Amino acid sequence: MTPRLPAVRPPVFRGRLHDARTATSIGRWLGVAIALCFGTGLISHYLQQPPGWLADVLPSRPVWGYRFTQGLHVAAGIAAVPLLLAKLWAVYPKLFEWPPLRSVRHALERLSVAVLVAGAVFELLTGLLNTVQWYPWPFSFVPVHFAVAWLLAGALLLHIVVKYPQIKGHWTRKSPGTVALPAVDGPDRRSFLTGLAAATGAVTLTTVGQSFTPLKAFDVLAPRHPDHGPMGLPVNRTAAAAGVAQVDSAAYRLMVAGPRPYTLTLAELAALTQYESVLPIACVEGWSKSAHWTGVRVTDLLRRAGAPSDARIRVVSLEKYGSYRVMEMGREYAHDPLTLLALKLNGQTLDPDHGYPARIIAPNRPGVLQTKWVTRLEVL
Ligand SMILES: Nc1nc2c(c(=O)[nH]1)N[C@H]1C(S)=C(S)[C@@H](COP(=O)(O)O)O[C@H]1N2
Ligand SMILES: [Mo]
């Protein structure tokens with residue numbers, strides 16, 4: 001006679017840390033963080049790769065616009081990491097729900113949650129690794145991070161709609177469905193949520209200084225510190241990496257192609273009227289730093305080439321390869337009086353790593369478009 005085996009039963013979780021109220025409390029903060037990431041991510045995407053109709057109307061003000069939105073993007077993404085971990089921990093017992101599929105509706109709901117979880121983990125992981133410039137995957141980061149963001153946004157929206165009754169019921173402490181629950185809302189949930197808030201605050205405080213420089217003293221966990229780098233400014237791609245470390249300043253020429261094309265030597269460029277702009281470099285990877293830039297107004301260079309006042313331009317670097325070798329600039333940027341072909345940074349000749357002999361600096365622009373080692377401007 002075969003011995004009777006104990007029935008295999010899925011684990012049952014009844015703790016209040018795994019209930020819908022905890023899930024809702026964490027979910028609303030996680031939802032806010034993801035919404036911020038999505039909105040600021042769209043801004044970043046369209047500033048970097050504007051469709052033709054948008055390129056000329058993108059505003060060059062406020063000057064700190066991209067610094068703010070991209071700082072927020074990375075800060076919200078980092079804050080979302082502990083929130084997502086806590087949320088997954090709160091709801092993971094649902095993975096062992098029994099029976100696993102009750103109906104078509106239930107199957108679809110679980111499928112949407114699978115997409116939601118996969119999308120959220122993917123976005124936070126790839127975003128985080130991008131901030132340390134580590135790309136341990138075979139695809140290119142930008143298009144995939146962008147595409148999955150839409151998937152995540154859709155799955156999140158669906159999730160909110162499907163869970164609306166529970167969310168509504170647990171939204172506030174005093175919502176009608178929960179009046180009888182004060183005992184359930186005991187200290188362990190409160191300590192868990194307090195601990196989570198502290199963890200989220202801690203990772204934010206120790207990283208946000210990479211872009212929000214008043215807090216730079218606390219920037220101990222971010223991959224970049226705004227003060228670390230040549231001339232006190234970080235560098236993503238060095239002159240050596242770009243193959244332009246040995247620019248021969250005597251042989252250097254700036255070519256401006258337009259209705260009346262011309263060429264300038266470095267001395268001629270330096271002899272033109274120089275202006276100063278105080279503008280930040282705001283890298284898409286989350287660090288940013290403001291500096292004093294001195295150089296020639298791009299709009300002056302364009303006017304001299306006979307360009308119309310609404311011309312857009314292409315900027316070409318001495319760099320031979322690399323995705324940021326060629327950059328296009330819409331009308332608002334090209335003719336903004338603050339947009340410079342800069343020769344100096346904080347009063348000193350540019351370091352090779354910062355784009356010697358000349359680089360673009362423009363207001364409200366992603367760092368990737370602040371082209372270094374510029375040799376050619378083309379009126380389009
Ligand atoms: N030609 C060229 N310009 C470039 C890059 C590049 O790789 N090649 N990197 C860009 C990026 S990603 C940033 S954030 C800024 C950084 O400028 P910095 O190195 O002077 O701080 O330069 C931009 N200009
Ligand atoms: Mo960057």
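Over segment 304-377, the hull volume per residue, using the convex hull of the C-alpha atoms, is 97 Å³. Between the listed residues 374, 352, 167, the Cα displaced farthest toward the positive end of the dipole of the chain, a dipole computed from Cβ unit charges relative to the Cα centre, is found at 167. Multiplying the residue separation of residue 251 and residue 198 by 0.36 nm and removing their Cα-Cα distance gives an extension gain of 13.4 nm.
Computed on protein heavy atoms with a 1.4 Å probe, the accessible areas place 255, 329 in the order 255, 329, largest first.
Counting only Cα atoms, the size of segment 232-379 along its three principal axes is 37, 32, 29 Å, in decreasing order.
Under Stokes-Einstein, with the Kirkwood radius over Cα pairs as Rh, the value for segment 52-135 at 37 °C and 0.692 mPa s is 204 µm²/s. Straight-line cross-link partners of residue 87 among the lysines, defined as a Cα under 18 Å from its Cα and at least 8 positions apart when in the same chain: 163, 168. Using all pairs of distinct alpha-carbon atoms, the Kirkwood hydrodynamic radius of segment 16-218 works out to 18.9 angstrom.
For the chain, the longest principal axis of the Cα atoms and the long axis of helix 104-131 meet at an angle of about 40 degrees. Grab the other residues whose beta carbon is less than 14 angstrom from that of residue 130, score K and R as +1, D and E as -1, and report the net. Every neighbour counted, the sum reads -1.
So for segment 232-379, averaging the separation of alpha carbon pairs under 8 Å that are six or more residues apart and normalising by length, what relative contact order in percent results? If you can, show how the numbers build up before the last one.
Working: 319 pairs, mean separation 44.5, N = 148.
Normalised by residue count, the contact order of segment 232-379 is 30 percent.
In straight-distance terms, cross-link reach from residue 216 covers every one of the aspartates and glutamates whose alpha-carbon lies under 14 Å from its own, apart from those fewer than eight places away in the same chain; here that gives 227. Using a Debye calculation, one point per C-alpha and no hydration shell, please list log10 I(q)/I(0) for the chain at q = 0.07, 0.09, 0.12, 0.15 Å⁻¹ in order. Log10 of I(q)/I(0), two decimals: -0.43, -0.63, -0.93, -1.27. If you filter segment 292-349 for chymotrypsin sites (Phe, Trp or Tyr not before Pro), then keep DSSP loop positions with at most 14 other Cβ within 10 Å, what is left? Qualifying residues, ordered by number: 321. Here the Gaussian network model covers the chain, with springs between Cα atoms less than 10 Å apart; of 51, 99, 259, 99 fluctuates the most.
Build a GNM of the chain with springs between Cα atoms under 10 Å apart, and of 192, 139, 38 the one that fluctuates most is 139. Note on exposure: 231, 327 ranked by accessible area (1.4 Å probe, complete protein assembly) read 231, 327, with the most exposed listed first.
Among 261, 234, 280, the residue with the largest mean-square fluctuation in a Gaussian network model of the chain, with springs joining Cα atoms closer than 10 Å, is 261. Rolled with a 1.4 Å probe across the full set of protein chains, the surface gives residue 275 an accessible area near 70 Å².
Can you give the longest run of the chain that contains no trypsin sites (Lys or Arg not before Pro) sitting in a DSSP loop with at most 14 other Cβ atoms inside 10 Å?
175-319
Sequence-distant contacts, meaning Cα pairs under 8 Å at least 6 residues apart, place the relative contact order of the chain at 19 percent. Calculate how steeply helix 187-205 sits against the longest principal axis of the alpha-carbon atoms of the chain, using the helix alpha-carbon long axis, and give the answer as 0 to 90 degrees to the nearest 10. That works out to roughly 10 degrees.
The values are calculated or read from the model by the stated rules, or taken from the named source; none is laboratory data. Values in this document were obtained by computation on a predicted structure and should not be read as measured data. For neighbour counting, all protein chains shown are included, and Cβ atoms are generated from backbone atoms with ideal geometry for every residue, glycine included. Heads up: the accessible areas ignore ligands, DNA and RNA and are worked out on the full protein's heavy atoms, side chains in. Shrake-Rupley method; radii C 1.70, N 1.55, O 1.52, S 1.80 Å.
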